[in-house]
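Only one structure is covered here, and it is reproduced in the block below.
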Amino acid sequence: MAPLTAYLFPGQGSQYVGMGRALCDRSPSARQVFAQADSILGVALSDLCFNGPASELNDTINTQPAILATSVAALRALAEGWDESPSFVAGHSMGEFSALVAAGALSLEDALRLVRERGRLMKQAGERQPGGMAALIGLDRDTVEAICETAHRQSGQYVGIANDNCPGQLVISGAVTALALATELAREKGAKRVIRLAVSIAAHSPLMEESADLFRQELNTAPFRPPDCSFVANATARPVIEPDSIREALGRQLTSPVLWTQSIGWMIEKGMTRAVEVGPGSVLAGLVRRIDRGGERTNVEEMLAS
């Protein structure tokens with residue numbers, strides 16, 4: 001039986017100054033993607049990716065289209081030398097838009113405009129309702145859910161699981177006081193590490209509801225098509241096919257957890273043996289190894305360098 005391949009696309013947090021430069025040095029298709037992105041957005045996005053400064057690249061409004069452009073550039077560069085099509089695509093949070101471009105369900109132009117607006121709305125939400133996020137290492141999901149319930153009850157503010165990244169690595173998200181209380185409780189429960197993320201928003205939580213409502217209006221006007229392969233959504237950990245269902249899943253994603261462990265598990269159950277991370281960094285390839293050590297796990301940067 002031929003191996004089934006999944007293309008996985010990173011989200012916010014994988015960006016770094018210099019990303020995409022090596023792709024453009026070796027790939028005409030990658031250069032074309034960045035030229036398109038600069039033209040579509042009317043800003044020098046490529047220069048920001050290649051040269052920074054980091055403070056501007058890390059601004060949510062810029063980060064999301066920058067990662068998408070780099071991921072699609074990596075996808076196009078990969079296609080120049082590798083003609084295998086994926087059986088599955090998935091993206092981590094914002095990476096879902098890159099995945100939809102890869103699956104032929106969304107154009108690069110529409111994806112760039114959507115993530116630019118998504119970043120703007122998320123930044124706005126953080127200004128209206130400041131929050132935060134923290135990674136908890138070494139605790140199981142039941143323990144983390146109990147911690148969040150206790151912190152919510154004691155503070156009167158929301159905190160909950162935002163990302164189920166892999167066994168033993170969960171990210172929580174919520175209002176400032178509730179998050180601080182939850183991180184204290186996590187340490188008391190024996191978390192190996194508690195890492196506050198460098199964000200001032202509570203992504204994938206009810207604190208994003210107002211922004212999610214506004215973003216759904218953008219999604220409703222965007223032209224989606226049925227994907228060419230299985231697009232596995234964060235919100236459901238299952239394939240989503242119909243355009244209206246894709247819109248619904250993307251709208252839910254801002255306020256509901258990223259079910260990454262479950263998404264990878266479903267693809268493995270369906271025969272996925274090769275996972276290729278398409279975009280900057282290798283975070284997702286590492287998470288897949290922690291979920292299941294079998295099969296091939298790699299990223300485009302490694303493949304193109306070999």
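Every condition in (1) more than 28 Å from Ile246 (Cβ to Cβ); (2) surrounded by fewer than 24 Cβ atoms within 10 Å (Cβ to Cβ); (3) modelled with pLDDT of 95 or more holds for Arg113 except the one numbered (1).
Here Ser55 clears all of (1) out of contact with any helix residue (DSSP H, G or I) (no Cβ under 9 Å at 6 or more places or on another chain); (2) surrounded by 16 or more Cβ atoms within 10 Å (Cβ to Cβ) except the condition numbered (2).
Residue check: Ala275 meets all listed conditions (1) in a strand (DSSP E or B); (2) farther than 10 Å from Tyr7 by Cα but one, namely (2). Only one entry in Ser107, Ser87, Ser39 is in the same structural domain as Gln217 (by TED's automatic domain parsing), touching a strand residue (DSSP E or B) at 6+ places or on another chain (Cβ under 6 Å) and either surrounded by fewer than 24 Cβ atoms within 10 Å (Cβ to Cβ) or free of Cβ contacts under 8 Å to residues at least 24 places away in the same chain (or both), namely Ser87. Against the criterion of being in contact with a Phe, Trp or Tyr (Cβ under 8 Å, 6 or more places away or on another chain) and either in the same structural domain as Asn234 (by TED's automatic domain parsing) or among the small types (Gly, Ala, Ser) (or both), Ala178 qualifies.
Across the stretch 127-155, the qualifying residues are those that are part of a helix (DSSP H, G or I) and at pLDDT below 95, and the one among them that is farthest from the chain's Cα centre (by Cα) is Arg128. Scanning the stretch 1-19 for residues that are in contact with a Cys (Cβ under 6 Å, 6 or more places away or on another chain) and modelled with pLDDT under 95 yields a count of 0.
Every listed requirement among (1) in the same structural domain as Ser173 (by TED's automatic domain parsing); (2) assigned to a helix (DSSP H, G or I); (3) hydrophobic (A, V, I, L, M, F, W, C) is met by Ala79 save one, (1).
Glu109 passes every criterion in (1) touching a helix residue (DSSP H, G or I) at 6+ places or on another chain (Cβ under 8 Å); (2) assigned to a helix (DSSP H, G or I); (3) closer than 30 Å to Arg290 by Cα; (4) not basic (Lys, Arg) apart from (3).
For every residue, the table says whether it meets (1) of a type in the set (Asp, Glu); (2) in a loop (DSSP other than H, G, I, E, B).
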site: Ala162; (1), (2): no, no
site: Leu181; (1), (2): no, no
site: Leu185; (1), (2): no, no
site: Val194; (1), (2): no, no
site: His204; (1), (2): no, yes
site: Glu209; (1), (2): yes, no
site: Asn220; (1), (2): no, no
site: Asp244; (1), (2): yes, no
site: Glu248; (1), (2): yes, no
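Here Met303 meets each of (1) hydrophobic (A, V, I, L, M, F, W, C); (2) under 25 Å from Glu84 (Cβ atoms); (3) crowded, with 18+ Cβ neighbours inside 10 Å with one exception, condition (3). If you go through the stretch 41-59 and keep only what is under 22 Å from the mean Cα position of the chain (by Cα) and either among the hydroxyl-bearing types (Ser, Thr, Tyr) or not in a loop (DSSP other than H, G, I, E, B) (or both), you end up with Leu41, Leu45, Ser46, Leu48, Cys49, Phe50, Ala54, Ser55, Glu56, Leu57.
One residue alone among Ala69, Ala37 is in a helix (DSSP H, G or I), at pLDDT 95 or above and either closer than 19 Å to Leu284 by Cα or of a type in the set (Phe, Trp, Tyr) (or both), and that residue is Ala69.
The values are calculated or read from the model by the stated rules, or taken from the named source; none is laboratory data. In this text the structure is predicted, and so the values were computed from the model without any measurement. With ideal geometry, Cβ positions are generated from the backbone for all residues, glycine too; neighbour counts draw on all protein chains shown.
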